[in-house]
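A.B. asks: Here it is, the structure, as structure tokens.
Computed from the coordinates by the stated procedures, all read-outs in this text should not be read as laboratory data. On a predicted model such as this, the values are computed, not experimentally measured, just so you know. Backbone-built Cβ (ideal geometry, glycine too); neighbour counts: all protein chains shown.
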Amino acid sequence: MEKEFDHLVDKAIELGASEAKILDTDRIVFDSRSHLKCRFGCSRWGRYWTCPPHLHISPEEFMEGFSRFHKAIIIKTTDPKIGQDVTLAIEKDAMLSLGCSFAFGMALCVQCDECAYPEPCKYPHLARPSMDAYGVDIGKTVELLGFKVAFDPEGKMLPAWYSMVLID
């Protein structure tokens, strides 16, 4: 069955991803502490359109939608802008070839150098929310595929940007 998604993996790499792998959605790790870290450990809370509390969907509504997806493609890049571009391209390809799809970024939208918030989003058709805003434990999820979220001694994330596209 994974062969059905090979074209998405190949395209992600062709567009600039260093790696891309398919994962069953029932293996995606959810942990409410991810959202807590987002709320209390991130300076972006309430200052970006793609971060809480601006997402305006309840956890129940999110999980209802999430439960309808069966596969995800996890995309690894070394640059957030390339990561967002690749992810949006894969989301579009998946939608056209397989049906419903939805993309997430790792931490925040990087379409603009600085978010327009509180002014209206300049690119609402390109902005995507972060995985951790919805309770996804990114580190544990990507580790299932042999990836790793790593930090330097000062706590700065090493150059690995992960995104995810949910596939019908």
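A.B. asks: Could I have the simple spin-label model distance between L126 and H7, label points 7 Å from Cα toward Cβ, reported in nm to one decimal?
C.D. replies: My value for the distance between the label points is 2.5 nm.
A.B. asks: What is the list of residues in segment 1-32 whose amide nitrogen lies under 13 Å from a point 7 angstrom out from the Cα of H70, following Cα to Cβ?
C.D. replies: 1-5, 24-26
A.B. asks: For segment 30-43, just list the computed ³J(HN,Hα) in residue order, Karplus coefficients 6.51, -1.76 and 1.60, θ = phi - 60°, integers in Hz, with x standing in for Gly and Pro.
C.D. replies: In residue order, the calculated couplings are 9, 8, 4, 5, 4, 5, 4, 5, 4, 6, 10, x, 10, 6 Hz.
A.B. asks: Could you put H125, H35 in order, starting from the residue whose Cβ has the fewest other Cβ atoms within 10 Å?
C.D. replies: Values: H125 7, H35 17.
Ascending number of Cβ neighbours within 10 Å: H125, H35.
A.B. asks: Counting each DSSP H run of 4 or more residues in the chain as -39500 (n - 2.57), what helix-only mean residue ellipticity at 222 nm follows after dividing by all residues, to the nearest 500 deg cm²/dmol?
C.D. replies: On the way: 5 runs with 53 residues, N = 168.
That comes out to -9500 deg cm²/dmol.
A.B. asks: Right, here's the next one. Evaluate the chain: find the radius of gyration of its Cα atoms, find its Kirkwood radius, and give the ratio Rg to Rh. Before the final figure, lay out each step's value.
C.D. replies: Working: Rg = 15.1 Å, Rh = 16.1 Å.
That ratio equals 0.93.
A.B. asks: Which net charge results when you count Lys and Arg as +1 and Asp and Glu as -1 among the other residues whose beta-carbon is under 12 Å from that of S34?
C.D. replies: +1
A.B. asks: So if I place +1 on the C-beta of Lys and Arg and -1 on the C-beta of Asp and Glu, and nothing else carries charge, what would the dipole magnitude of the chain be about its Cα centre? I want it in debye, nearest 20. Don't skip to the answer; put the middle values down first.
C.D. replies: Numbers: 19 positive and 25 negative charges, 74 e Å.
The calculation lands at about 360 debye.
A.B. asks: Using the Cα centre of segment 2-167 as origin and beta-carbon charges of +1 (Lys, Arg) and -1 (Asp, Glu), tell me which of P52, M164, S67 is placed farthest towards the positive end of the dipole.
C.D. replies: Of the candidates, P52 comes out farthest on the positive side.
A.B. asks: Between W45 and D152, what's the calculated FRET efficiency when r is the beta-carbon distance and R0 is 22 Å? Round to 0.05. Don't skip to the answer; put the middle values down first.
C.D. replies: Numbers: r = 23 Å, r/R0 = 1.06.
The calculated FRET efficiency here is 0.40.
A.B. asks: Send over the semi-axes of segment 54-97's equivalent ellipsoid, whole angstrom and largest first, taken as the square roots of 5 times the C-alpha gyration tensor eigenvalues. Don't skip to the answer; put the middle values down first.
C.D. replies: Numbers: eigenvalues 106, 46, 20 Å².
In descending order, the three semi-axes are 23, 15, 10 Å.
A.B. asks: Further question: Working from the pairwise distances between different alpha carbons, so that the mean of 1/r is found and then inverted, what is segment 120-168's Kirkwood radius in Å?
C.D. replies: Numbers: mean 1/r = 0.0771 Å⁻¹.
One over the average 1/r among Cα pairs gives 13.0 Å for segment 120-168.
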